[in-house]
Amino acid sequence: MRRLLLLASLALAPQLGHAQGVVTERNISASLAAEAAAAAVEACAGRGFRVSAAVVDRSGVLKALLRADGAGPHTVSSAQAKAFTAVSMRANTSQILETVRTNPGAARLVDIQGFLIVGGGMAVRVGDEVVGAIGVAGAPGGHLDDQCAEAGIARIRERLG
């Protein structure tokens, strides 16, 4: 039996080494990112909120950004930081905020450069895999930014997989 296990491990060793040389990752496309950002801005506009929406790929690199007419200039960097935070942590920023509030061990997350831990950042998923994130900023409350971000994701959800 030991000999069989040794032979099996030797046969698989070259395959395992080869598999580690290249990584394939899925990312949100530029067209879906732009559509999600537009849908989020549109959803907020329908409620009277002037916001910016940013979509980043799975590595946190900006794919799309839309600033509504009249949205504050700070909303651009805030939306991008929320998206970056969500994709980096692979979680929605409202959830991260709750963790920071309730877990003393997570209190220093707010100190990470580029992070903005307030509502409005949501991971974009295909199944359990994070392929990007959207951040919305400018509504009068993170929970409202969350709602607009969700509207952006909802618009593209059927075409993600």
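None of the figures in this text is laboratory data; all of them are computed from the coordinates on show. Quick caveat, the model's predicted, so the values are computed rather than measured. Ideal geometry is used to build each Cβ from the backbone, glycine not excepted, and the neighbour counts take in all protein chains shown.
Projected label points at R26 and D69, each 7 Å from Cα along the beta carbon direction, are separated by 3.8 nanometres.
In this structure, the amide hydrogen of V124, modeled 1.01 Å from its nitrogen in the peptide plane, lies closer than 5 angstrom to those of V131, G132, A133, I134, counting only residues at least 5 positions away or on a different chain. A convex hull fitted around the alpha carbon atoms of the stretch 81-134 yields 66 Å³ per residue.
Using unit Cβ charges (K, R positive; D, E negative) and no other charged atoms, how large, in debye to the nearest 20, is the dipole of the stretch 27-68 about its Cα centre? Can you show the working numbers first?
Numbers: 5 positive and 3 negative charges, 29 e Å.
I would put it at about 140 debye.
Counting only alpha carbon atoms, the long axis of helix 74-89 and the longest principal axis of the chain meet at about 20°.
About the centre of its Cα atoms, the stretch 95-161 shows a dipole size close to 60 debye [charges on the beta carbon of Lys, Arg (+1) and Asp, Glu (-1) only; nearest 20 debye]. In sequence order, the stretch 141-154 has phi-based couplings of x, x, 5, 6, 4, 4, 4, 6, 4, 4, 5, x, 5, 4 Hz under the Karplus curve 6.51 cos²θ - 1.76 cosθ + 1.60, θ = phi - 60°, and Gly or Pro positions carry x. What label, among (1) 37, 19, 12; (2) 27, 17, 16; (3) 24, 18, 16, belongs to semi-axes √(5λ) of the Cα gyration tensor in Å computed from the structure on display? It is the value labelled (1).
Remind me, relative contact order of the stretch 73-143 in percent, using alpha carbon pairs under 8 angstrom and six or more residues apart?
Working: 128 pairs, mean separation 30.4, N = 71.
So the answer I get is 43 percent.
Our coupling estimate for the stretch 43-48, obtained by passing each phi through the Karplus curve with A = 6.51, B = -1.76, C = 1.60 and θ = phi - 60°, is 4, 5, 4, x, 9, x Hz, Gly and Pro reported as x.
With charges set only on the Cβ (+1 for Lys and Arg, -1 for Asp and Glu), what does the dipole of the chain come to about its Cα centre, in debye to the nearest 20?
The calculated dipole for the chain is roughly 420 debye.
For the chain, the longest principal axis of the Cα atoms and the long axis of helix 2-19 meet at an angle of about 40 degrees.
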